[in-house]
Amino acid sequence: MSFTLAIVGRPNVGKSTLFNRLVGRRLALVDDQPGVTRDLREGDAKLGPIKFTIIDTAGLEEATDESLQGRMRMLTERAVDMADVCLFMIDARSGVLPADRVFAEILRKKSARVILVANKAEGNAGETGYYDAFSLGLGEPIRLSGEHGEGMIDLQEVLMPIS
Ligand code: GDP
Ligand code: MG
């Protein structure tokens, strides 16, 4: 049985980078500049033996400060409704920011099934952010580096029972 996984989280945490790694084609745009990716992107993902549909939530990058929270809510709720499981990504290097807590609250209210990921944790980076992530109350985070491919086995292990 296949499943759908949505990657959610604030801009710049590394969602599209992980999406591209799992889809293996550059279907999602990755950019350092705001305003490039939009809305939701879907692809066929593979991680070890696991095959699934993956959704990248974009479209937050171009929002203004006033509209960001509303867009975050709308897009995240849409993604949650489409998905069987949400991969909620934080940036372990910048630690948990107020915007991350907004996502955590949306996911909790929606009773979404959540995999918490502390990204940008290659090498020994992001230790503080990783421990910070426990305070989101969404369980034990997975240390990941979407860019360098670290922690992919741990992600595979939590996805295995879902597949
Ligand atoms: P998104 O806005 O959440 O989709 O984030 P992107 O995937 O576009 O990545 C934003 C920035 O973070 C880019 O400069 C990426 O190269 C960088 N990035 C993504 N994943 C990692 C990672 O695992 N480690 C590090 N150090 N940087 C990353
Ligand atoms: Mg993106």
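Please treat every number below as a calculation from the coordinates, not as lab data. Computed from a prediction, not measured in an experiment: that's the story for all the values here. Glycine also receives a Cβ, built like all others from the backbone with ideal geometry; neighbour counts cover every protein chain displayed.
Structure notes:
- Taking the DSSP bridge list for the range 4-159 and keeping only pairs wholly inside it, about 35 percent are antiparallel.
- Taking every DSSP helix (H) stretch of at least 4 residues in the chain, weighting each as -39,500 (n - 2.57) and dividing the sum by the residue count yields a mean residue ellipticity at 222 nm of -10000 deg cm²/dmol.
- Candidates M89, M152, M74, ranked by Gaussian network fluctuation over the chain, Cα under 10 Å, top entry: M74
- Annotation: extensible slack from Y131 through R101 equals 9.3 nm (criterion: 0.36 nm per residue apart, minus Cα-Cα distance).
- Summing charges over neighbours of S94, with a neighbour being any other residue whose Cβ is under 12 Å away from its Cβ, gives 0 when K and R count +1 and D and E count -1.
- Alpha carbon Rg of the chain, scaled by the compact-globule rule 2.2 N^0.38 Å: 0.93
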